[in-house]
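Visitor: Provided herewith is a single structure, encoded as structure tokens, for subsequent inquiry.
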Number of protein chains: 4
Amino acid sequence: MKYSLFGESHGPAVGIVLEGVPAGLTLDMQAIQKQLDRRAPGRHPTATPRREADVPTILSGVFQGKTTGAPLCALISNSDQHSQDYEALRTLARPGHADYPAHVRYQGCNDYRGGGHFSGRLTAPLVFAGAVAKQILAQRGIFVAAHISAIYGISDQTAEDWDSLRQVADKPFPVLDDQAGEEMQAAILEAREEQDSVGGSIECAVFGLPAGVGGPDFGQNAEGIFSQYLFAVPAVKAVAFGAGVAFALMRGSEANDPLYMDDDGTVKGEQNCAGGINGGITNGMPLTFEVTMRPTPSIPRTQFTVDLEKGENAVLELTGRHDPCVVPRAVPVIEAAAALAACQLLGI
Amino acid sequence: MKYSLFGESHGPAVGIVLEGVPAGLTLDMQAIQKQLDRRAPGRHPTATPRREADVPTILSGVFQGKTTGAPLCALISNSDQHSQDYEALRTLARPGHADYPAHVRYQGCNDYRGGGHFSGRLTAPLVFAGAVAKQILAQRGIFVAAHISAIYGISDQTAEDWDSLRQVADKPFPVLDDQAGEEMQAAILEAREEQDSVGGSIECAVFGLPAGVGGPDFGQNAEGIFSQYLFAVPAVKAVAFGAGVAFALMRGSEANDPLYMDDDGTVKGEQNCAGGINGGITNGMPLTFEVTMRPTPSIPRTQFTVDLEKGENAVLELTGRHDPCVVPRAVPVIEAAAALAACQLLGI
Amino acid sequence: MKYSLFGESHGPAVGIVLEGVPAGLTLDMQAIQKQLDRRAPGRHPTATPRREADVPTILSGVFQGKTTGAPLCALISNSDQHSQDYEALRTLARPGHADYPAHVRYQGCNDYRGGGHFSGRLTAPLVFAGAVAKQILAQRGIFVAAHISAIYGISDQTAEDWDSLRQVADKPFPVLDDQAGEEMQAAILEAREEQDSVGGSIECAVFGLPAGVGGPDFGQNAEGIFSQYLFAVPAVKAVAFGAGVAFALMRGSEANDPLYMDDDGTVKGEQNCAGGINGGITNGMPLTFEVTMRPTPSIPRTQFTVDLEKGENAVLELTGRHDPCVVPRAVPVIEAAAALAACQLLGI
Amino acid sequence: MKYSLFGESHGPAVGIVLEGVPAGLTLDMQAIQKQLDRRAPGRHPTATPRREADVPTILSGVFQGKTTGAPLCALISNSDQHSQDYEALRTLARPGHADYPAHVRYQGCNDYRGGGHFSGRLTAPLVFAGAVAKQILAQRGIFVAAHISAIYGISDQTAEDWDSLRQVADKPFPVLDDQAGEEMQAAILEAREEQDSVGGSIECAVFGLPAGVGGPDFGQNAEGIFSQYLFAVPAVKAVAFGAGVAFALMRGSEANDPLYMDDDGTVKGEQNCAGGINGGITNGMPLTFEVTMRPTPSIPRTQFTVDLEKGENAVLELTGRHDPCVVPRAVPVIEAAAALAACQLLGI
């Protein structure tokens, strides 16, 4: 499967073409909608008040309720746009956003309204595709789940098993430890009150991947494949597998996962520092990783920047509606990216 | 340019085919050899005593001293192999290594001697390719440099500029702060004494990339391209751009890089938390990232594992020659991966 | 640029996502519509009477009249569908069509109405994309043009120059020699009268390509790149460059194109048997090729086939509206494929 | 599997890296050598007298007699080079060769001796890779075979079945009808006597491919995949599937292959005009195609050309050793390209 995302924040619609979907899949539209709703704006006090129904329209690739194997195109309409919020700022590069490099890259022709094609709104069709991928994986006994691992330094517990992570998908605020979740939400709301935003991280696991998938070389290795999908999600700035950055603090005797024969005849690790991957190949343990997401760059306070048309320093006062933290809504997006990556790894 | 690495630790040679090298480049073989020597084993008290000359033989793609534009194949011979070290362990999966997943992936047919194709020895031809890429980039005013940022919790200073990083390449132990370097070496030697190994991290910067290269979408974004090259380096388990994992502790007002017009008419950031990339596109600031490398899995102490042939638990006692820390020798490897990634980003 | 086609003959719409369109292009919608009209059904007595407006709706990638550099999605509605024509034949594999292999490939889930995603209708969005590509090429002084070279053994003249080929685009029946065109049309109408169809061929030329583009190796060579685009057009069964299949009848002394220095200081060939390509690289002469298209498989006469559900022999009586020859309407499609191939060859 | 060819006609060696070879294959070196010998020069009166042993050395990817799944690198030495033949002609572009476009493409730095990387000598490692691919296919009951279908207008019979084609591989001159073969050889020798060369064509079939492999879209369709491999073979200028260019002379009632249920429960065609492919997907009938190869451009007679250094017209008198017809030696090369294409189509 490969995907092409299209659309802009303030265009008529955003959408996706998904090539290579296996034929004969009965799409569970309810499950798809649930993932879209988890990502949708206006659903939670910590999120932007922009309201979008985010109901997908399938244009192709489904016939008589089943996937046909032909490219699947899904559209999601844009409705609640406040394009005028952006007119005044048209030539001012918002710090932390892609405005300046996009201006250079696209010779000033990119749609600047709401970030255009760079908008987090493009993650809606990505979640659609990920929900399709999750269904395909579920048929093979493979499950993807994620939770907020930290926001502004406040940490959730670590995920231990599929059952605990599965429950997170039903929570309005996707953490394992609700007490930590309360503190995170307080930190988000406090940041908003102070005209600011906060960053955080998401931990994700893929359960049920068979051992022996991937390879050591460029283009084959599991970490490389996953990272390419994950860095294509806006705001992701770091990807770490297994023990991740903590490996730099460890000794080999701690980092090596001792192996044993499980009762079911499979080889298991006594711990999973490797995050389910050795030498770029899955080892049958859960594939685990953590992504770090930068704080929302859009903050309603005075910022110093440049005017791209005049070529001179300028002062920016952002208005508009923004998430003070993108992490909570990004949880199903990271699941989507992981599900699509798992499909590629498996040759689906 | 794209590369294909081939060879095994205990085969006759390791090598690389590099397609798409621009024609007309006079290869600076001395600069190439310098990078290979920085990576070569047996050069430093903290490294494995295996001795290899690591002098490349060019089989194709160079004519009358210049690259021809045809695929460039370079071979590096293996000479100082102790294959018998591995015979006794043939069926025992070394924890932290790819032995078990490779056994599944390749149905037990992979070359197990010294890790075979999974060996860090494959990074020698990668460094060759990276040195070629560095030359190509240097012609465009682009420079890649790296240093050890931390080993076992002991941190080097942060790189501020190209000049300080350039000097690191001439040091036997590639750090900015030699005092920190002494402590790191002590930590490595102490780990070796205790039959153990340590992990660490490398910070790398690409200076001189123009603004406006890359794109937001899958397959185009700068972070995704770099991460694919970096995770193809053995032992890399995390990749973080700019402020990296620290973004999870930050507010937007700290993380946003304020912009200003520089005297030379270019747009600059007052700081560089973004690591030179916004929305997947370079912004003209140095592209910076940090990779985390796991501790060497090969440690000469008793480890618990499984016998892959007998399918039962087993105890492993590794002998052989190993680096107690791969990080110092990996510095030119990370530079190589970054240089190749920069070439892809630029469409070279 | 790369494209993803989606849609089915009897779905709500067909469309395309075109990634990598250069930013800043003012789309000439009239020129695009002209190409779509040349392909559209119901325009000519030799074509199917199905009527479609074939007016594209652009969903993304264009802002304030210019391309933004973001993926461009265009939709073309389906309106004049006679789906009931296909219900009776649902399980009968039409000879010459993909019904049987698609049934195997997609486990019987493909949309069988009007050929579904295999329909020639998918060439409408391809012509859209090709018209965009032609504009991009025209800015660089590169022009693509094609004509019917033969139908059912009746040959047109050979194209000699851009001016003669340019005029063909304005003719209702795209040939150089209108007398030959009359005979071809008579052959088509005669075939239709006899419940049959006819095949033919299209010659196409790309003028203005610079010398030195392409390469000898897999994935780079000009013939390989063009052929991949051309064989993606339904009904194309042969692709031949320059003298093409006549090379098998030639001697080297005839086939070699003698070279000379032109007055403008460029190297030219005294003839162009090579079709503008030597060793996979353009030589500055027009890139010329001919494609052969099979006769329309849909013919309204009794045919022997199998029932895919019952697994037994069956007799098929096709009704529905079909082109007795796809070649005339395919001329802008081949131009589109060639224009997209030329863009890939040039790295656009 | 994907391959990278490297080397030059007058360099130390030519070679290939083959990635993605399935693990556990015991290479039949005798079968590989047989294919290499069929291609090797100096074996037949109609071929160039250059003598090369063409015995491959495997550098990686094979351990204890079996493929390991790691990249397989094979080298074939160059020994019988007459480089001095080329010095005098260094700046004269040989008509019909890539000299001029390569000069532009590689800024005059390409290795001109014997055509350098453009040499037909590069087909030796390609035959090696194809022989490996043929073994992989044979394990799945898939066989590839080819014969000369025509030389200078003299035609062989058409291949009807696998058994007749299989015998061709054991003949010194690979045709079905030995009488036609005699005439072809006479035509080649006559051309040589007249300081000339001749072109021809090769017909190839892949037997045993399952129905339902491939797809209609760009990048998936069987014709597109095969054509990309075939056009990467030097001198191939046309590729035609099934009835090929004859489709332009046919009616639908002739071109459609009527279907029937075979006694073994599979769907078969009563004829195979489609060449085993409908809509880009295999239909279970033999996949058949014909390639046209241009006459050898190197002919030992006076030719008009340009001097690339002086930028003026020049006269060329070629010496050196050349095949008066490349078609006979190209038969195993086309088999190799087809075997590699079949592997890609099957996802191997």
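Visitor: Just in the stretch B:14-95: which trypsin sites (Lys or Arg not before Pro) are loop by DSSP and have at most 12 other Cβ atoms within 10 Å? Let's see the in-between values first.
Guide: Values: sites: B:LYS34, B:ARG38, B:ARG39, B:ARG43, B:ARG50, B:ARG51, B:LYS66, B:ARG90; in loops: B:ARG43, B:ARG50, B:ARG51, B:ARG90.
Hits after loop and neighbour filter: B:ARG90.
Visitor: Another question, if that's okay. Chains C and A: buried accessible surface, both sides, probe 1.4 Å, rounded to 100 Å²?
Guide: Values: alone 16330 and 16320 Å², together 30140 Å².
Approximately 2500 Å², summed over both chains.
Visitor: Could you work out how far the C-alpha centroid of the stretch A:300-342 sits from that of the stretch D:290-348, in angstrom?
Guide: Each part reduced to its Cα centre gives a spacing of 56 Å.
Visitor: Follow-up. If a/c stays under 1.5 just call it rounded; otherwise compare a/b with b/c (prolate if a/b is bigger, oblate if not). Do that for the stretch B:148-221, with a ≥ b ≥ c from the square roots of the Cα gyration tensor eigenvalues.
Guide: It is oblate, given that a/c is not under 1.5 and a/b is not larger than b/c.
Visitor: Determine ³J(HN,Hα), in whole Hz, for all residues of the stretch B:36-41 in sequence, where each value follows from phi through the Karplus function 6.51 cos²θ - 1.76 cosθ + 1.60 and θ = phi - 60°; x replaces Gly and Pro.
Guide: Coupling constants for the stretch B:36-41: 4, 5, 4, 8, 4, x Hz.
Visitor: Among residues other than C:ALA40 whose Cβ falls under 9 Å from its Cβ, what is the net charge (Lys/Arg +1, Asp/Glu -1)? Before the final figure, lay out the partial values.
Guide: Values: positive: C:ARG38, C:ARG39, C:ARG43, C:ARG51, C:ARG329; negative: C:ASP37, C:GLU52, C:ASP54.
Net of charged neighbours comes to +2.
Visitor: Please average, across the residues of D:133-146, the number of beta carbons from any other chain that are within 10 Å of each residue's own beta carbon, and give a whole number. Kindly include the intermediate steps, with their values, before the conclusion.
Guide: Working: counts 0, 0, 0, 0, 0, 0, 0, 0, 0, 0, 0, 0, 0, 0.
Whole-number average of other-chain Cβ neighbours for D:133-146 is 0.
Visitor: Using unit Cβ charges (K, R positive; D, E negative) and no other charged atoms, how large, in debye to the nearest 20, is the dipole of the protein assembly as shown about its Cα centre? Don't skip to the answer; put the middle values down first.
Guide: Working: 104 positive and 160 negative charges, 1 e Å.
With Lys and Arg at +1 and Asp and Glu at -1, about 0 debye.
Visitor: Looking at B:ASN221, B:GLN33, B:ILE148, which one has the Cα that reaches farthest to the positive end of the dipole of chain B (charges on Cβ: Lys, Arg +1; Asp, Glu -1)?
Guide: Farthest towards the positive end: B:GLN33.
Visitor: Between A:ASP178, A:ASP307, A:ASP262, where does the largest GNM mean-square fluctuation fall for chain A, given springs only between Cα atoms within less than 10 Å?
Guide: Highest fluctuation among the options: A:ASP262.
Visitor: Can you give me the % of accessible surface on the stretch A:279-326 that is carbon or sulfur? Probe 1.4 Å, all protein chains present, nothing else counted. Walk me through the numbers on the way to the answer.
Guide: Numbers: 900 of 1760 Å².
Here it works out to 51 percent.
Visitor: Can you give the helix-only mean residue ellipticity at 222 nm for the protein assembly as shown, where every DSSP H stretch with n ≥ 4 adds -39500 (n - 2.57) and the sum goes over all residues, rounded to the nearest 500 deg cm²/dmol?
Guide: It lands at -8000 deg cm²/dmol.
Visitor: Which angle from 0 to 90°, rounded to the nearest 10, does the C-alpha axis of helix C:123-139 make with the longest principal axis of chain C?
Guide: Tilt of helix C:123-139: around 10 degrees.
Visitor: On the first, second and third principal axes, largest extent first, how far apart are the outermost C-alpha atoms of the protein assembly as shown in Å?
Guide: So the extents along the principal axes, rounded to whole Å, are 82, 69, 67.
Visitor: Still on this model: Using a Gaussian network model of chain D with C-alpha springs under 10 Å, which one of D:MET250, D:MET261, D:MET293 is most mobile by mean-square fluctuation?
Guide: Of D:MET250, D:MET261, D:MET293, the most mobile in the Gaussian network model is D:MET261.
Visitor: Here's another thing I want to ask about it. Amide H of A:ALA13: which non-local residues (sequence gap of 5 or more, or other chain) have their own amide H closer than 5 Å, using H built in the peptide plane?
Guide: Here the answer is A:GLU8, A:ASN78, since their amide H atoms fall under 5 Å of that of A:ALA13.
Visitor: Run through the other copies and list how far each one's label point is from that of B:VAL55, in nm with one decimal, shortest first; the point sits 7 Å from Cα along Cα-Cβ.
Guide: 2.7, 7.4, 7.5
Visitor: Toward the positive end of the charge dipole of chain A, about the Cα centre and with charges on Cβ (Lys, Arg +1; Asp, Glu -1), which of A:VAL14, A:GLY265, A:VAL326 goes farthest?
Guide: Projecting each Cα onto the dipole axis, the largest value belongs to A:VAL14.
Visitor: Here's a follow-up. So if we plug the beta-carbon distance of B:ASP178 and B:ALA31 into 1/(1 + (r/R0)^6) with R0 = 25 Å, what FRET efficiency do we get, rounded to 0.05? Each step should come with its number before you reach the end.
Guide: Numbers: r = 24 Å, r/R0 = 0.96.
Using R0 = 25 Å, I get an efficiency of 0.55.
Visitor: Going by Cα centres, the stretch D:161-202 and the stretch D:55-124 are how many Å apart?
Guide: Centre-to-centre (Cα) distance: 26 Å.
Visitor: Find out how many positive minus negative residues lie around B:PRO12, taking Lys and Arg as positive, Asp and Glu as negative, among other residues whose Cβ is under 14 Å from that of B:PRO12. Walk me through the numbers on the way to the answer.
Guide: On the way: positive: B:ARG113, B:ARG121; negative: B:GLU8, B:GLU52, B:ASP80, B:ASP111.
Once all neighbours under 14 Å are counted, the net charge is -2.
Visitor: Ok, one more. Using the alpha carbon gyration tensor of the stretch B:59-122, what are the three equivalent-ellipsoid semi-axes (square root of 5 times each eigenvalue), largest first, in whole Å?
Guide: Details: eigenvalues 227, 43, 14 Å².
Equivalent ellipsoid of the stretch B:59-122: 34, 15, 8 Å, largest first.
Visitor: What translational D, rounded to a whole number of µm²/s, comes out for the stretch D:2-346 from Stokes-Einstein when the hydrodynamic radius is the Kirkwood one over Cα pairs, at 37 °C and 0.692 mPa s? Could you put the intermediate results ahead of the total?
Guide: Values: Rh = 21.2 Å.
It comes out at roughly 155 µm²/s.
Visitor: A follow-up question, please. Less than 12 Å Cβ to Cβ from C:LEU92, Lys/Arg counted +1 and Asp/Glu -1: what total charge do the surrounding residues give?
Guide: Details: positive: C:ARG90, C:ARG94, C:LYS310; negative: C:GLU87, C:ASP99, C:ASP307, C:GLU309, C:GLU312, C:GLU317.
With Lys, Arg at +1 and Asp, Glu at -1, the neighbours total -3.
Visitor: Can you list residues whose amide H is under 5 Å from D:ASN110's amide H, if they're 5+ apart or on another chain and H is modeled 1.01 Å from N?
Guide: none
Visitor: Please check: in the Gaussian network model of chain D (C-alpha springs, under 10 Å), which one of D:ASN256, D:ASN272, D:ASN221 has the largest mean-square fluctuation.
Guide: For chain D, modelled as a Gaussian network with Cα springs under 10 Å, the answer is D:ASN256.
Visitor: So what J values fall out for the stretch A:61-74 if you push phi through Karplus, 6.51 cos²θ - 1.76 cosθ + 1.60 with θ = phi - 60°, rounded to Hz, Gly and Pro as x?
Guide: x, 10, 9, 6, x, 10, 5, 9, x, 7, x, 9, 10, 10
Visitor: Relative to the longest principal axis of chain B, what angle (0 to 90°, nearest 10) does the C-alpha long axis of helix B:178-193 take?
Guide: Relative to chain B, helix B:178-193 is tipped by roughly 20 degrees.
Visitor: Can you give the log10 of the normalised intensity I(q)/I(0) at q = 0.12, 0.27 Å⁻¹, computed with Debye over equal Cα scatterers of the stretch B:275-348?
Guide: Log-scaled intensity ratios, in q order: -0.60, -1.25.
Visitor: Excluding the sites themselves, what is the longest stretch of chain B that contains no GluC sites (Glu not before Pro) in a DSSP loop with at most 16 other C-beta atoms within 10 Å?
Guide: Working: sites that count: B:GLU160, B:GLU194, B:GLU270, B:GLU309.
Longest run free of exposed loop sites: B:1-159.
Visitor: So which trypsin sites (Lys or Arg not before Pro) in the stretch D:102-184 pass both tests, a DSSP loop state and at most 16 other Cβ atoms within 10 Å of the Cβ? Please list the in-between numbers first.
Guide: Values: sites: D:ARG105, D:ARG113, D:ARG121, D:LYS134, D:ARG140, D:ARG166; in loops: D:ARG140.
Listed in order of number, the matching sites are D:ARG140.
Visitor: Write out the trypsin sites (Lys or Arg not before Pro) in the stretch D:237-287 meeting two conditions: DSSP loop, and at most 16 other Cβ atoms within 10 Å of their Cβ.
Guide: Details: sites: D:LYS237, D:ARG251, D:LYS268; in loops: none.
When the trypsin sites (Lys or Arg not before Pro) of the stretch D:237-287 are filtered for loop state and at most 16 Cβ neighbours within 10 Å, nothing remains.
Visitor: If you don't mind, another one. Averaging over all projection directions, find the projected area of the Cα convex hull of the stretch A:1-93 and quote it in nm² with one decimal place.
Guide: Values: hull surface 30.1 nm².
With every direction weighted equally, the projected area is 7.5 nm².
Visitor: Could you list which residues have their amide H under 5 Å from that of B:SER149, counting only those 5 or more apart in sequence or on another chain, with H placed in the peptide plane?
Guide: Counting only residues 5 or more places away or on other chains, the set is B:SER201, B:ILE202, B:GLU203.
Visitor: Here's a follow-up. Using the Cα centre as the reference, give the magnitude of the dipole from point charges on the C-beta atoms of the stretch B:2-346 (Lys, Arg: +1; Asp, Glu: -1; all else neutral), rounded to the nearest 20 debye.
Guide: Approximately 1040 debye in magnitude.
Visitor: Can I ask one more? Which single residue of chain C puts its beta carbon nearest to the axis of rotation relating C to B, and what distance, in whole Å, does that give?
Guide: Here the value is C:GLY347, 3.
Visitor: Moving on to the next point. State which entries of C:LYS134/D:LYS237; B:LYS2/B:LYS237; B:LYS134/C:LYS134; B:LYS66/D:LYS310; C:LYS237/C:LYS310 exceed 28 angstrom in Cα-Cα distance in the structure shown. Numbers along the way, then the final one.
Guide: Numbers: C:LYS134/D:LYS237 25 Å; B:LYS2/B:LYS237 23 Å; B:LYS134/C:LYS134 37 Å; B:LYS66/D:LYS310 21 Å; C:LYS237/C:LYS310 31 Å.
Over 28 Å Cα-Cα: B:LYS134/C:LYS134; C:LYS237/C:LYS310.
Visitor: Right, another one. Could you name the aspartates and glutamates whose alpha carbon sits less than 17 Å from that of A:LYS268, not counting residues in the same chain fewer than 8 places away?
Guide: Hits, sequence-local ones excluded: A:GLU160, A:ASP161, A:GLU254, A:ASP257, B:ASP99, B:ASP307, B:GLU309, B:GLU312.
The values are calculated or read from the model by the stated rules, or taken from the named source; none is laboratory data. The structure presented is a predicted model; accordingly, all values stated were derived computationally and were not measured. Because the Cβ atoms are built from the backbone with ideal geometry, glycine has one as well, and the counts that use them run over all protein chains shown. When the accessible area is computed, the model is the full protein with side chains, heavy atoms only, and any ligands, DNA or RNA have been set aside. Shrake-Rupley method; radii C 1.70, N 1.55, O 1.52, S 1.80 Å.
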